[in-house]
Amino acid sequence: MAFILALFFLEETYQALILAGKAAELRRLTKNWGIHAKQEGIEVDLKDLVVKNVGRPLRILYTEPIVLVVSIYVAFIDELLYTFLAAYA
């Protein structure tokens, strides 16, 4: 419920989006189409997003032994906690 209220009533705080909005408003008001925010010039590619946000963590997981061991340990502890919670029902 709080998320829905925050979604509608809180203002944006990400600086790049605020600047892009201000640039769009200035373009509309002044009719100067040369005004652009720095963030608007960056092209976002779906392949780059997938490689950076999925590929890098998986590569770290399989190439760094300590990350793999800690991940397996945390998975075991989570499974154990959920098993204990299921026993109460």
In terms of the charge dipole of segment 2-89, which places +1 on Lys and Arg and -1 on Asp and Glu at the beta carbon, the residue among Ile42, Val74, Leu10 farthest towards the positive end is Ile42
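Would you mind working out the magnitude of the charge dipole of the chain relative to its Cα centre, with +1 at each Lys and Arg C-beta and -1 at each Asp and Glu C-beta, to the nearest 20 Debye? Don't skip to the end; give the middle numbers.
Numbers: 9 positive and 10 negative charges, 93 e Å.
The calculated dipole for the chain is roughly 440 debye.
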Restricting to Cα pairs under 8 Å and 6 or more apart, the percent relative contact order of the chain works out to 14
Which of Leu46, Leu58, Leu29 moves most in a GNM of the chain, Cα contacts under 10 Å?
-> Leu29
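Accessible area per residue for the chain in Å², computed with a 1.4 Å probe and the full protein assembly in place, what is it? Display every interim value, and only then the final one.
Details: 8440 Å² over 89 residues.
For the chain, the solvent-accessible area averages 95 Å² per residue.
How large is the Kirkwood hydrodynamic radius of the chain, in angstrom, based on all distinct alpha carbon pairs?
Working: mean 1/r = 0.0547 Å⁻¹.
Hydrodynamic radius (Kirkwood, Cα pairs) of the chain is 18.3 Å.
Once you list every other residue whose beta carbon is under 14 Å from the beta carbon of Asn53, what net charge do they have if Lys and Arg are +1 and Asp and Glu are -1? Don't skip to the end; give the middle numbers.
Details: positive: Lys47, Lys52, Arg56, Arg59; negative: Asp45, Asp48.
Once positives and negatives cancel, what remains is +2.
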Grab every C-alpha pair in segment 1-51, bin the distances at 5 angstrom width from 0 up to the longest one, and report whole percents.
-> 4, 17, 15, 15, 16, 16, 12, 3, 0
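The values are calculated or read from the model by the stated rules, or taken from the named source; none is laboratory data. Values in this document were obtained by computation on a predicted structure and should not be read as measured data. Every residue, glycine as well, gets a Cβ built from its backbone with ideal geometry; the counts of neighbours run over all protein chains shown. Surface accessibility is based on the protein's heavy atoms, side chains included, excluding ligands, DNA and RNA. Shrake-Rupley method; radii C 1.70, N 1.55, O 1.52, S 1.80 Å.
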